[in-house]
Amino acid sequence: MKYQGQRGTEDVLPTQSHLWQYVESRFRAHASSYGYLELRTPTFEDYDLFVRSSGESSEAVSKQMYDFRDKGDRHIALKPEGTAPAMRSLIQHNLCPQGTVARLSYITNCFRYERPQKGRLRELHQFGLEIVGSGSPLADAEIIEASARFYQSLGVPSVVVLLNCLGNDECRSRYRTALLDFAMPLLNEMGEEAIEKAKKNPLRLLDSKDPQMIEGLKEAPVILDFLDDPSREHFERLKDTLTFLGIEFRVAPEIVRGLDYYTGAVFEIQSEHLGSQSALCGGGRYDNLIKELGGPDLPSVGVGMGVERLLIVMEQLGLWPEAPKPDLFVAFAGSEHERAALGLAATARNSGLTAIIDPDAKSLKSQLRQADRLGVRFVAIIGDDEAAASMVTLRNLSDSSQELMSEGALLERVKG
RNA sequence: GCGGAUGUAGCUCAGGGGUUAGAGCGCCUGACUGUGGCUCAGGAGGCCGUGGGUUCAAGACCCAUCUUCCGCCCCA
């Protein structure tokens, strides 16, 4: 094979495209039921946008970005996530005028130069929601509720939200110091590299999978104890609201998001069906991002949901919808009836049915076999007998009954 | 970026130096000359991931490379 798809990319094959169409249309309907309007941003942006938004310490920026110089020597990056481009667009087009709340949704592909694994691709797809202009805990709750309910509405059982609060800059930096101090003895045992990494982003220690680290940090200080009063109150009201809304959650201090722009409540929904890439979606509050990108001082909350991971989970739970089947197969016996068959197929399509015809005009037997394989329920048969009577035979493949009737009656019958 | 597996027919996989590379499922044709599924018979389909090497002889052994999968890392 001479050419292969690029590493970490996937073709959505004809046998699977209906699954993508299904979850996309469900997401669009769900988002719009909360009043979110779709925003489509370009595939590539200024490299600097992502460095400014996500922070240099996040791997998504420092190591995984697909970036290049274009012919005009601009430093370009393929978007690694959806929020920064959405906020760039929001600022540029003033999508959230003072005193208003903007609700944006997106469906986009993202690019990260990673080592591929199941549920971890170099080109991945995300659904996203962003609510801009409200600092209320009700906004946090709306995003979290919408995320959890989306999975529920698709039939994914026992959706539990893992919730944490990172607080504002001040309490976070006090916490970082405290955590680093606590972990130092352990880090000294683990070597120079571990120390460097921990210094860069101490919070990352918390979602380590190293058993030694997990054990060692059992008694570590918890960020919730470092929150100032406003942050604490915000978090309490968020939890109350989620409880009222009937959204199941668990406070999980180990949840720290990878992107640096998060400032307040953060959350993740995981699934045991995903192996080590366990996060189905993740998000949180990012009150400083828009300002840092040169826009107005607008508080925001958002979520990004992995589409490939959703499909993996749905497959394992048997939640994949069946592929749609064509309504009618128009078979003809003898090439002299080709025109009549073409005409019937066209009429059927005009009345909203999907109709298939065999271009190779193989034997009637073969045409019926094709129809059976395609899962079609009805086959219209046109041959000498039908032509003589100006009628068509309609065969129902599910009960093997068949009947001679007019075209009009046939269409009515197939439409059911 | 690190470690471990993996690649043979459309699909799932067997074959681990020696004729012409196999099975099941799927596909095509026929038995049934205008009727699918079931049965039976026949048939098509392979650069054995790619490139190099060892050998009288390589699908098999060696080297390189690519893919996919798993663990780490990271995250959606």
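The values are calculated or read from the model by the stated rules, or taken from the named source; none is laboratory data. Please read all numbers here as calculations on a predicted model, not as lab measurements. We place every Cβ from the backbone using ideal geometry, glycine too, and count neighbours over all the protein chains shown. Calculation scope for accessible area: heavy atoms of the full protein, side chains included, ligands and nucleic acids excluded. Shrake-Rupley method; radii C 1.70, N 1.55, O 1.52, S 1.80 Å.
Which value at 222 nm does chain A reach when only helices count, each DSSP H run of 4 or more adding -39,500 (n - 2.57), with the total divided by all residues and rounded to the nearest 500 deg cm²/dmol?
Per the formula, -12000 deg cm²/dmol.
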Once the mean of 1/r over all distinct C-alpha pairs in region A:147-190 is inverted, the Kirkwood radius in Å reads 13.7
Take peptides A:328-340, A:358-370 and line them up by average Cβ neighbours within 10 Å, highest first, as a rough protection proxy. A:328-340, A:358-370
Hey, could you pull the Cα Rg and Dmax for region A:26-69, both in Å? 14.9, 41
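At 1.4 Å probe radius, can you tell me the per residue accessible area of region A:314-416 in Å²?
Values: 5820 Å² over 103 residues.
Result: 56 Å² per residue.
Provide the percentage of antiparallel DSSP beta bridges, counting only those with both residues in chain A; round to the nearest 5. Intermediate values should be presented prior to the final figure.
Working: 48 of 61 bridges.
Among the beta bridges of chain A, antiparallel pairing accounts for roughly 80 percent.
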With bins 5 Å wide starting at 0, give me the P(r) of region A:284-393 over every alpha carbon pair, in whole percents. 2, 10, 15, 13, 9, 6, 6, 6, 6, 5, 6, 5, 5, 4, 2, 1
State the percent of C-alpha pairs, over all pairs in region A:210-268, separated by a distance greater than 17 angstrom. 52
If the chain between residue A:74 and residue A:366 were fully extended at 0.36 nm per residue, the gain over the current Cα-Cα distance would be 99.3 nm
Give the accessible area for residue A:190 in Å² (nearest 10); use a 1.4 Å probe, count only protein heavy atoms, and leave out ligands, DNA and RNA. 70
Let me know the shape class of chain A, please: from the alpha-carbon gyration tensor, a ≥ b ≥ c as square roots of the eigenvalues, rounded when a/c is under 1.5, otherwise prolate if a/b is greater than b/c, or oblate. prolate
Taking the Cα atoms only, what angle lies between the long axis of helix A:364-374 and the longest principal axis of chain A, rounded to 10 degrees? 20
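Counting only heavy atoms of protein chains, what accessible area per residue, in Å², does region A:140-232 have with a probe of 1.4 Å?
Working: 4690 Å² over 93 residues.
Counting only protein heavy atoms, the per-residue value for region A:140-232 is 50 Å².
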If you wrap a convex hull around the alpha carbons of region A:1-156, what volume per residue comes out, as a whole number of Å³? 159
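On full extension of the chain, what length is gained from residue A:320 through residue A:98, given 0.36 nm per residue of separation minus the C-alpha to C-alpha distance? Show your work: numbers first, answer last.
On the way: separation 222, 0.36 × 222 = 79.92 nm, distance 4.32 nm.
So the chain would gain 75.6 nm between residue A:320 and residue A:98.
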Taking a ≥ b ≥ c as the square roots of the eigenvalues of the Cα gyration tensor of region A:324-387, is the shape rounded (a/c under 1.5), prolate (a/b larger than b/c) or oblate? oblate
Could you pull out every one of the lysines with an alpha carbon less than 25 Å from that of residue A:365, ignoring same-chain neighbours closer than 8 positions? A:325, A:415
For residue A:190 and residue A:13, what is the calculated FRET efficiency with R₀ set at 30 Å and r taken between the beta-carbons, to the nearest 0.05? 0.10
Could you state the per residue volume, in Å³, of the convex hull enclosing the Cα atoms of region A:346-416? 97
Just to confirm, what accessible area per residue do you get for region A:1-77 at 1.4 Å probe, in whole Å²? 69
Cα convex hull volume per residue for region A:269-314, in Å³, equals 81
Fraction of accessible area attributable to carbon and sulfur, chain A (%, probe 1.4 Å): 49
Filter the trypsin sites (Lys or Arg not before Pro) in region A:192-259 down to the DSSP loop ones having no more than 11 other Cβ atoms within 10 Å, then list what survives. A:209, A:218
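Assign one of three labels to region A:1-93, namely rounded, prolate or oblate, based on the Cα gyration tensor with a ≥ b ≥ c the square roots of its eigenvalues; rounded applies when a/c is under 1.5, prolate when it is not and a/b is larger than b/c, and oblate otherwise.
Here region A:1-93 falls in the oblate category.
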Label points 7 Å out from Cα along the Cβ direction at residue A:174 and residue A:225: separation in nm? 1.3
Which of A:396, A:109, A:94 ends up with the largest GNM mean-square fluctuation for chain A, with Cα atoms connected below 10 Å? A:396
Out of region A:1-38, which trypsin sites (Lys or Arg not before Pro) are coil in DSSP terms and have no more than 16 other C-beta atoms within 10 Å? A:2, A:7
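By accessible area of protein heavy atoms, probe 1.4 Å, what ranking do A:67, A:140 get, highest first? Please report the intermediate quantities before stating the final value.
Numbers: A:67 70, A:140 0 Å².
Most to least solvent-accessible, the answer reads A:67, A:140.
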Largest first and in whole Å, give the semi-axes of region A:184-240's equivalent ellipsoid, each being the square root of 5 times a Cα gyration tensor eigenvalue. 29, 12, 9
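Beyond 29 Å between alpha-carbons counts as too far, so tell me which of A:118/A:239; A:118/A:197; A:71/A:118; A:79/A:197; A:118/A:209; A:79/A:200 fall in that bin. All intermediate terms of the calculation are to be shown ahead of the outcome.
Numbers: A:118/A:239 33 Å; A:118/A:197 26 Å; A:71/A:118 35 Å; A:79/A:197 25 Å; A:118/A:209 18 Å; A:79/A:200 24 Å.
With Cα atoms farther than 29 Å apart: A:118/A:239; A:71/A:118.
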Roughly how many nanometres apart are two label points built 7 Å out from the Cα toward the Cβ at residue A:67 and residue A:387? 7.0
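What FRET efficiency comes out for residue A:351 versus residue A:153 if R0 is 30 angstrom and r is the Cβ-Cβ distance? Round to the nearest 0.05.
On the way: r = 32 Å, r/R0 = 1.07.
Once the sixth-power term is evaluated, E becomes 0.40.
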Give the average over all directions of the projected area of the C-alpha convex hull of region A:232-343, one decimal, in nm². 14.5
